[in-house]
Each structure stands twice: as structure tokens, then as C-alpha cells.
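Notes to accompany the following structure.
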Amino acid sequence: MRAIVVDRFMEPAELAVREMAAPALHPGTLRVEVHAAGCNFFDILMVQGRYQVKPPFPFVPGAEIAGIVREVGDGVRGFAVGDRVLASAGLGGFAEESVVPARSAYPLPDAMSFEEGAALPIIYPTSYAGLIDRGGLREGETLLVHAAAGGVGVAAVQIGRALGARVIGTAGGAEKCAIAVREGCEECIDYRAGDFAARVQELTGGRGADVIYDSVGGDVTDGSLKCIAWNGRLLVIGFASGRIPEVKLNRVLLKNISLVGLHWGAHAMYEPARIGETFDALFGLLAAGKIRPLVYKTYPLNELPEALAAIGSRRSWGKVIVRP
């Protein structure tokens with residue numbers, strides 16, 4: 001089969017399609033013909049050797065897929081050959097076939113395309129678990145979403161709006177701000193144009209945001225601590241800026257702030273029951289028309305370097321997809 005094979009740490013521009021043997025099917029797994037695979041910022045870090053997870057060589061990156069079941073492993077119930085599915089693959093998504101644990105796969109709703117299906121398995125559970133389980137976002141509260149036109153950002157905006165929150169976003173440039181507003185932000189602040197913290201204070205009458213969804217880190221986190229409300233919750237989702245910030249704890253004390261981390265990938269080890277509950281809730285929001293994955297562009301597999309470059313350079317919005 002054709003796949004992206006990483007046999008050493010490298011830059012994304014060096015990634016290329018190779019021929020390799022199809023992965024073996026094991027009990028409890030499904031062999032899926034991959035019709036679409038989602039790209040994530042951590043894919044860049046993983047192939048560079050800068051991510052916290054370092055798979056043994058050689059490996060095929062790609063953590064989320066949508067496709068058609070071609071083979072069902074022993075002990076699997078609820079799936080049959082020919083089923084349309086989406087799945088959290090962990091690894092192996094950037095290939096024509098992927099073998100995934102059946103427990104990580106879900107039926108792809110008829111109304112969703114493969115591209116939309118591949119855009120859901122990581123960013124939507126991340127945003128849902130962050131906002132609800134960790135952030136305790138409530139109806140009527142103000143939610144500030146950084147990088148609101150990006151993959152996890154759009155998911156957070158849509159979910160926050162579905163929960164009845166007042167959603168404010170930040171993004172880089174007028175085009176991305178327009179996308180964030182279209183997806184549910186009451187207002188989006190162009191962080192390139194000035195001090196976003198001051199604008200958040202203006203929009204909230206000096207009160208600040210109750211929950212701040214921060215996947216950026218760096219200077220964005222520093223600014224967030226200036227515009228967070230009393231009893232506010234700062235959700236630490238990631239560090240796309242490349243700088244892990246250091247927080248001055250006097251700010252945390254003076255405003256009763258909670259700093260809350262979210263590592264969705266670790267739920268499989270520590271809280272596996274929450275995974276199914278989270279996906280059930282997300283499929284309910286999908287059926288009600290309250291959330292919908294937003295796809296920026298779909299690339300062929302051999303253009304994966306270009307797809308990852310679109311993410312790394314912040315050109316993209318929504319979700320970047322490849323089609324093996």
C-alpha cells in the first residue's frame with residue numbers, strides 16, 4: 001500500500017509517499033480503507049521529534065481517519081465490512097489502509113462526508129472535554145477562544161455557542177476573523193491590530209472572560225491573564241506559538257483563577273469511559289445541527305508536506321485534510 005513512512009526525524013518538507021506492507025489485523029481491530037485523514041499541528045512536531053510521543057521507527061503518522069471497513073478482527077462486535085466509519089487512529093492514518101482499535105471507531109453519520117468525518121475525532125473531543133469537563137463552561141458565561149479560526153478553535157467556538165455562552169474570538173487577520181464570526185463568535189479580535197486583552201475588557205465591561213481556551217501559549221497566555229474574570233478558568237490546550245509560558249502565580253491568587261490542563265489523548269489510559277460519553281454528546285450536537293466540522297482544503301497524500309505547511313505557517317483555517 002502507499003503510505004507516508006517516517007524512518008528518522010525530519011522536516012515535514014522531506015515527507016514522501018512510499019510503498020509498504022499493509023498493517024496486520026489483530027483481534028479487536030478494524031482494517032479501514034482510508035478515504036480521508038485529518039492533519040494536526042502535532043503531526044509536524046512528531047515527525048520532527050519534538051512531540052511528547054516518539055514512536056519507534058519506522059512509523060506512519062496520522063491520528064484521525066474516515067473511511068470504509070474492509071476487514072473485521074476477531075472479537076469485534078457492532079461493525080461489518082462496508083461500514084462507513086471515523087476513528088482515532090493514534091498512528092497510521094496517512095496511508096491507503098489503517099488498522100485501528102474497534103473501540104476507537106464510530107459509525108460515520110450518513111449526512112457527513114469522509115472529509116468532515118476525518119475532521120472530528122481529535123479536535124471536537126478536545127474542545128468538548130476542555131470546555132465542559134475541565135472548564136465547567138455554563139450558559140451565559142463569556143468564553144474567549146484564541147486561534148478561533150483554527151481547527152480546535154472552530155470546534156471550541158461551535159461548542160461554546162451550542163452551550164449558550166457568549167463567545168469572543170481572536171485570530172490573525174480579517175479573513176480569519178470573518179470565519180470565526182460565521183462559526184459562532186459574537187466578535188473576533190484581530191490580534192495583529194492591537195492589544196486583544198484591552199479589547200476583551202471593553203467588550204465585557206471590564207469584567208473579563210469567564211473561560212479562556214488557549215491552544216497558543218506564549219504571549220497569548222500572558223495577555224489572557226490580563227483579561228480573565230474573577231473565578232475565571234484558563235484552559236491550557238497547547239502551545240502552537242512554540243513558547244511554553246511561565247505564569248506569575250500572584251495573578252492566579254488575586255483573581256481566584258483556575259489554571260486547568262487538558263490532555264485528551266491520555267483519557268484512553270486514565271478515563272476511558274469518558275471517551276464514549278464525549279462522542280455520544282458530540283454526535284447529539286451533530287444531529288441537532290449545532291456543530292459541523294469546517295474543512296479548509298483537501299490535499300492528495302503526496303502533497304502532505306504542503307498540507308502541513310499550511311498549518312505550520314498559519315495560512316489554514318478549520319481543518320486540513322489529506323485523501324490517500
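The values are calculated or read from the model by the stated rules, or taken from the named source; none is laboratory data. All figures in this text were calculated on a predicted structure; none of them were measured in a lab. Note that each Cβ is placed from the backbone with ideal geometry, even for glycine, and that neighbours are counted across all protein chains shown. Note: areas computed on protein heavy atoms with side chains; ligands, DNA, RNA excluded. Shrake-Rupley method; radii C 1.70, N 1.55, O 1.52, S 1.80 Å.
Over the chain, what is the percentage of antiparallel beta bridges among all DSSP beta bridges, to the nearest 5? Taking every DSSP beta bridge with both residues in the chain, the antiparallel ones total about 55 percent.
Close amide H contacts of residue 187 (hydrogens built in the peptide plane, cut-off under 5 Å, sequence separation of 5 or more or a different chain): 169.
So if the hydrodynamic radius of the range 85-184 is defined as the Kirkwood radius over C-alpha pairs, what does Stokes-Einstein give as its diffusion coefficient at 20 °C and 1.002 mPa s, in µm² per second? Rounded to a whole number, D works out at 145 µm²/s. Calculated translational diffusion coefficient of the range 154-210 (10 °C, 1.306 mPa s; Stokes-Einstein with Kirkwood radius over alpha-carbon pairs) equals 139 µm²/s. Whole-Hz Karplus values for the range 127-139 come out as 5, 5, 5, x, 6, 8, 6, 9, x, x, 4, 10, 3 Hz, taken residue by residue from phi with 6.51 cos²θ - 1.76 cosθ + 1.60 and θ = phi - 60°; glycine and proline positions read x.
Taking 166, 199, 292 in turn, the Gaussian network model of the chain (Cα-Cα springs below 10 Å) assigns the largest fluctuation to 199.
Applying a length cut-off of 18 Å (Cα extent along the axis) and a mean Kyte-Doolittle floor of -0.5 to the DSSP H helices of the chain leaves 272-287. Largest mean-square fluctuation among 168, 123, 257, in a Gaussian network model of the chain whose springs join Cα atoms under 10 Å apart, belongs to 257.
Distant-in-sequence amide contacts of residue 320, defined by a placed amide H-H separation under 5 Å and a gap of 5 or more residues or a different chain, comprise 39, 296. Centroid-to-centroid, using Cα positions, the range 195-235 and the range 17-74 are 37 Å apart. Note on the chain: Kirkwood hydrodynamic radius from all Cα pairs is 20.0 Å, rounded to one decimal. Close amide H contacts of residue 228 (hydrogens built in the peptide plane, cut-off under 5 Å, sequence separation of 5 or more or a different chain): 209.
Here the Karplus relation 6.51 cos²θ - 1.76 cosθ + 1.60, evaluated at θ = phi - 60°, turns the backbone of the range 65-75 into coupling constants of 9, 9, x, 10, 5, 10, 7, 10, x, 4, x Hz, with x for every Gly and Pro. Under a 10 Å cutoff between Cα atoms, tell me which one of 190, 43, 280 has the largest fluctuation in the Gaussian network model of the chain. Checking each option, the largest mean-square fluctuation is seen for 280.
Report the FRET efficiency, 1/(1 + (r/R0)^6), for residue 57 and residue 323, where r is their Cβ-Cβ distance and R0 is 41 Å, rounded to 0.05. The computed FRET efficiency comes out at 0.95. Normalised by 2.2 N^0.38 Å, with N the number of residues, the alpha-carbon radius of gyration of the range 228-324 equals 1.45. Computed with a 1.4 Å probe over protein heavy atoms only, the accessible surface of the range 258-324 comes to 49 Å² per residue.
Here the simple spin-label model places points 7 Å from the Cα toward Cβ, and for residue 50 and residue 269 these points are separated by 2.3 nm.
Legend: residue pairs 176/290; 255/290; 290/319, Cα-Cα distance threshold 22 Å; pairs beyond threshold, 255/290. Peptide packing: for 172-179, 261-268, 229-236, the average count of neighbouring Cβ atoms within 10 Å per residue gives the ranking 229-236, 172-179, 261-268, highest mean first.
With a cut-off of 11 Å, note down the residues of the range 286-324 whose backbone N falls inside the zone around a label point 7 Å from the Cα of residue 10 toward its beta carbon. Once the point is set 7 Å along Cα→Cβ of residue 10, 305 turn out to lie under 11 Å by backbone N, inside the range 286-324. Taken along the Cα-to-beta-carbon direction at a fixed 7 Å, the label points for residue 313 and residue 186 span 3.6 nm.
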